[in-house]
1. By average Cβ neighbour count within 10 Å, what is the ranking of 86-93, 161-168 from highest down?
2. Mind grabbing the accessible area of GLU48 for me, 1.4 Å probe, Å², rounded to tens?
3. Calculated from DSSP H runs of 4 or more alone, at -39500 (n - 2.57) each and per residue, what is the 222 nm mean residue ellipticity of the chain, nearest 500?
4. With +1 on each Lys and Arg Cβ and -1 on each Asp and Glu Cβ, and nothing else charged, work out how big the dipole of the chain is about its Cα centre, in Debye to the nearest 20.
5. Within the chain, what is the number of lysine pairs with alpha carbons under 24 Å apart, leaving out pairs fewer than eight places apart on the same chain?
6. How would you rank 112-118, 299-305, 311-317, highest first, on the average number of other Cβ atoms within 10 Å across their residues?
7. So if each residue of separation counts as 0.36 nm, and I subtract the Cα-Cα distance between ALA64 and ASP344, what length gain in nm does that give?
8. Compute for the chain: radius of gyration divided by Kirkwood radius, i.e. Rg/Rh, restricted to C-alpha atoms, rounded to two decimals.
Amino acid sequence: MTKRIGILTSGGDCAGLNAVIRAVTLRAHHGYGWKTVGIGYGTLGLLERPIDARELDPTRLDAALAHRGGTFLGSTNRGDPFAFPMPDGSARDRSGEIADAITSLGLDGMIGVGGDGSLAILRRLFAPVGIPFVGVPKTIDNDVANTERAVGYSTAIAIATEALDRLQPTGASHDRIMVLEVMGRDAGHIAIAAGIAGGADVVLIPEIGWRLAHVTRHIATLRERGRRAALVVVAEAAGKSDDPPESAGGPAVDAPDHRGMGAWLADRLAAATGAEARATVLGHVQRGAEPTAEDRLLAAALGVRAVDVLAAGKADRMVAWWNRQVIDVPLEKVVGRSRTVDPDGALVRTARALGICLGDAA
Ligand code: F6P
């Protein structure tokens, strides 16, 4: 009997989602003769009546889709169905409506592409309905536990590195400190990787406690030695230095405000060093691009494996990239955990070895 599996993308978009949808649909069709149903806007599509779902035609998912950014199914990072925000400000549990929708679609399995928050919600939604669920990790933040790589991360690093490549010459031309703020809600993976690849002088991440005094001393030393421009990468989640303003030599400035870490840091560095400083907030530019070849490969490998996991009769799993292998792991070992930058890991050691200041010493 032909089976029908569902796929949805949930949480913030990133590059490579279309490549996952394509890989899942092609593997289901070519490998097992299964049909794939795409659900619109993550769990929101399952709250719509009629349900926002359509069968995906494998013959139409050509190469053009693999390199298109975003997700053609749509996604959401709002509206937890267990506490759905209602117009009157209250929160309502709408998970029952989703269970009804899943049942009425007649699905034999479900694949959800999401970060740890989305995977936790999807797991909770599908378990009681008795439909096998498999997760595919995606997030530019790369902080999903038990996978070395999440779809979208490689592209985000490439974009942040390209931004540094562009900031370097303009900074050098004006003897300026160029501060680049990159995304990473709770983790510094993008910052440390792009900082190394882009030749940054300073990288500040939430995983390593830093002091403004160390950063300003590092930049002052560079300037004394004749290099008057500096490249600084700061993760949006890096938090503020614990230096009181006086010891940093600058005026009292509030903690990062709505302008974010980058602007806050640029103000402080300018005041403390006497150099001009400019901040660039890269923001969603890191998410919206065409996926790198590496992200497309990861998307393909994880998408194929997700279907194979369902075909093997397994459930409640997440496919993962580990030690150059595609594996699958229990979702219970993923949700509620996160994989932040290892302060003793290879990237941090590499950064230190290159003389990059991480703010914990000058
Ligand atoms: O988790 C992915 C991410 O892009 C984070 O890096 C960032 O903090 C957040 O999402 C931004 O979310 P939104 O798209 O809702 O502004």
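1. 161-168, 86-93
2. Number for this one is 100 Å².
3. On the way: 11 runs with 126 residues, N = 362.
So the helix-based figure for the chain works out to -10500 deg cm²/dmol.
4. Numbers: 40 positive and 42 negative charges, 150 e Å.
I would put it at about 720 debye.
5. 7
6. 112-118, 299-305, 311-317
7. Stretched out fully, the ALA64 to ASP344 stretch lengthens by 96.7 nm.
8. In the chain, Rg relative to Rh is 1.04.
The values are calculated or read from the model by the stated rules, or taken from the named source; none is laboratory data. These numbers were taken from a predicted model, which means no experiment stands behind them. Cβ: placed from backbone, ideal geometry, glycine included. Neighbour counts: every protein chain shown. These area figures cover heavy atoms from the full protein model, side chains too; ligands, DNA and RNA do not enter into them. Shrake-Rupley method; radii C 1.70, N 1.55, O 1.52, S 1.80 Å.
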